[in-house]
1. I want to verify a result. In a Gaussian network model of the chain, Cα cutoff 10 Å, which of these has the top mean-square fluctuation: Leu312, Leu339, Leu224?
2. Given a cut-off of under 8 Å on Cα pairs at least six residues apart, what relative contact order in percent is computed for segment 33-190?
3. Taking θ as phi - 60°, what are the ³J(HN,Hα) couplings along segment 359-374 by the Karplus curve (6.51, -1.76, 1.60), each to the nearest whole Hz, with x for Gly and Pro?
4. About the Cα centre of segment 33-190, what is the dipole size in debye to 20, counting +1 per Lys and Arg Cβ and -1 per Asp and Glu Cβ, all else neutral?
5. According to a simple spin-label model (label point 7 Å from Cα along Cα-to-Cβ), what is the distance in nm between Val13 and Ser296?
6. Can you tell me, using C-alpha contacts under 8 Å and at least 6 residues apart, the relative contact order of the chain as a whole percent?
7. Sum up the charges of everything whose Cβ sits under 11 Å from the Cβ of Tyr95, counting Lys and Arg as +1 and Asp and Glu as -1, but leave Tyr95 out.
8. Would you mind working out the magnitude of the charge dipole of the chain relative to its Cα centre, with +1 at each Lys and Arg C-beta and -1 at each Asp and Glu C-beta, to the nearest 20 Debye?
Amino acid sequence: MLSVEKAGNAGRVDLDDPGSYEQLDPGGMLGFAIGFPEQVREAARIGREFAPPKVFANPKQIALAGMGGSAVAGDFLARLIEDRVPTPFAVIRGYQVPAFVGPETLFIASSHSGNTEETLAAASAARRRGARILCITTGGKLQDFARRHVGRKVALLRIPQTEPPMPPRAALGYSLIPLVRVFERLGLYPGAGGKIGEAIGLLEHLLDRVRPEVPTQHNRAKQLALFLRDRIPWIHGTVGIMSAVAYRWRTQCNENSKMLAYSHEYPELNHNEVIGWEQAEMLGGKLAVVVLRSPSDHWRVRARVDITKKRLIEPKAPLQEVEAEGRSPLAQLLWTVYLGDFVSLYLAFLNGVDPAAIDSINALKAELERLQRPRK
């Protein structure tokens, strides 16, 4: 719950007056967002200059272990290649690895800080299984792990640590784009280089439309933030890349905006969630729905969205739609992610909170560090 002081700050925020919320952003999250197109460009260079070991080619399975902002890169990559490459791709959010992980698995350990305990445990387990391991990190214990075992089957892909340090959720370009280039080199994502170029151009164009200086009447991100203010963001994405982006919007609302949020995907929600809307009044009109769509959605999925919103959702809650821009799935994904990042930051300012702060996560980590392993 907001403190009295924070609630007061929220009441004084005017999104069209950046000076009214600059004091709420001591960690520079808005600056990181503004710099995202350049981050993607730099990340593409890093990926282009990295030469993966030849043994990484032709894996029978792919697994990416990560948590939070590092794991979402795996969600995106899996969705981007799922209809192009027959290799199964699993994203691991935990300490243990699936039974299939073995010598013919390309295992990616992704940790921005390099100190994520779940990822470190999973990487160690993968090495014991003989997997081919790519570590992507700014440093920390994961870098030490990679350097200790570097050789024919273990490689390190270093990404930069900024000053001031960039939170993992703000470093999506660094966690995703070098892997896109590596996958292109390995034949797992053909033609990715040209898609990155298209994405950068779209991101720069979007930035010109959502930056703080653009007034609300012309700024889609500010409009969506005001739409979601004082409500529970209910983010629906269409199956595929927009489903993964909907999850990203949800977690950005959690971390940046300090709000509970929810996400689901079409058409799966037509087989369960829609029944829950029959009693949506129980939430007292606190829901607001945003539907994320792609121009490449299956025509039956598009029909499901139209019918569901008209007959089941709009009678119970306000709803807005976002249609991704861009030709390639990668460009559409990054464009929609970028819009959502600005929405979550403007929501944070409207809520009177520091978007960089993660006090609850830090408190949890401190408590875990004091625990001793139970004796068997």
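Rule-based calculations on the coordinates, nothing more; no lab input. Bear in mind the structure is a predicted one, so any value in this text is a computation, not a measurement. With ideal geometry, Cβ positions are generated from the backbone for all residues, glycine too; neighbour counts draw on all protein chains shown.
1. Comparing Leu312, Leu339, Leu224 in the GNM, the peak value goes to Leu312.
2. Details: 297 pairs, mean separation 48.6, N = 158.
After rounding, I find 31 percent.
3. The phi angles translate into 4, 5, 5, 5, 5, 5, 4, 4, 5, 5, 5, 7, 7, 9, 4, x Hz.
4. On the way: 21 positive and 12 negative charges, 122 e Å.
Using only the charged Cβ atoms, the result is roughly 580 debye.
5. 3.5
6. 21
7. On the way: positive: Arg93; negative: Glu117, Glu118.
Charge balance in the 11 Å sphere: -1.
8. 1780
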